[in-house]
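Would you mind keeping the following structure in view while I ask a few things?
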C-alpha cells in the first residue's frame, strides 16, 4: 500500500499527541497501558494538517503570498465548497472566499437553508496565483493537502466552483472539463460542478444556472439522513 509522506507525518504527530493526552509513562521497558483509547476530533486533525503545511514551499506561489489560505468551516460538514485559488482579499485575510465573491457565496449557501459555518470552504491551491491561473505545478503540489482535507471531513457532497476545481477533483490538472450541473464522483464522493462566484459577479446572467445546480445539491442532501440522526 502506498502512503503519502504528509499522511505519514500526520499519523505520527497525532499518535504522539494521543500518548500525551493519556498520560502514558515509560519506566525502563515497562509501560503503563492507558485505560481508554484516544481519538482525535476532525477539528484537531485539520489543525495538525494545517500546522504541517503552514510553511509550505513546494511550488513557486509561496514567493508572493501574504497568507496560506487553508480553509475554514465545519470539520464534519456534509457539504464542501472547493474553489480554484485564493483571490487578493483571501490572500490578505488568510480566509477562503473573503471578498465580494465570498459574500455572494455566503448568500448562495443561505439560499439552500444552510449557514456558512455549517459547510467547509477551501480551494484547490492554497496560495494566491499571480496571474490568476495557478498552473499545473501548483495544483499538483497542493493536491495531497486537499485530499487529506476531504479524507478528514468526509463530506457527503462536494460543490466544485469552476472548471479547474472540477478537473482537479477528477485527478487531472488539464483536459476536458466535467459537465457543469451534472454529478460525477471523486472517489466515493458525489461532486457537482458549477460556476465560481467571481464569474457570477462578472456575468450575473449565469446566476440562474448556479441556482439550479445548488438546488440539486440541496435536494440530494435532504434525501439523505443527517449525521445527527
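We did not get these values from a lab; they are worked out from the coordinates using the rules stated. These figures come from a predicted structure and were not determined experimentally. Cβ sites come from the backbone with ideal geometry, for glycine too, and all protein chains shown count toward neighbours.
What spacing in nm lies between the two simple spin-label points modelled at residue 39 and residue 218, each 7 Å away from Cα in the Cβ direction?
Reported label-point gap for residue 39 and residue 218 is 3.3 nm.
State whether the stretch 92-229 is rounded, prolate or oblate according to the following rule on the C-alpha gyration tensor (a ≥ b ≥ c being the square roots of its eigenvalues): a/c under 1.5 gives rounded; otherwise a/b larger than b/c gives prolate, and the remaining case gives oblate.
The shape class here is rounded.
Where in the stretch 67-98 does the label zone of residue 226 land, with the point 7 angstrom along Cα→C-beta and an amide N cut-off under 12 Å?
The answer is 78.
What is the extension gain from residue 205 to residue 117, computed as 0.36 nm multiplied by their sequence separation minus the C-alpha to C-alpha distance, in nm to one decimal?
28.9 nm
When ranked by the protection proxy of mean other Cβ atoms within 10 Å per residue, highest first, what sequence do the peptides 156-166, 83-93, 58-68, 139-149 form? Working shown, then result.
On the way: 156-166: 24.0, 83-93: 21.7, 58-68: 16.0, 139-149: 19.8.
So the order, starting with the most tightly packed, is 156-166, 83-93, 139-149, 58-68.
Can you give the extra length, in nm with one decimal, that the chain gains between residue 51 and residue 100 once fully stretched, where that is 0.36 nm per residue apart less the Cα-Cα distance? Write down the numbers at each step before the final one.
On the way: separation 49, 0.36 × 49 = 17.64 nm, distance 2.81 nm.
So the chain would gain 14.8 nm between residue 51 and residue 100.
Only counting other Cβ atoms within 10 Å, I'd like 97, 70 sorted with the fewest neighbours first.
The order, fewest Cβ neighbours first, is 70, 97.
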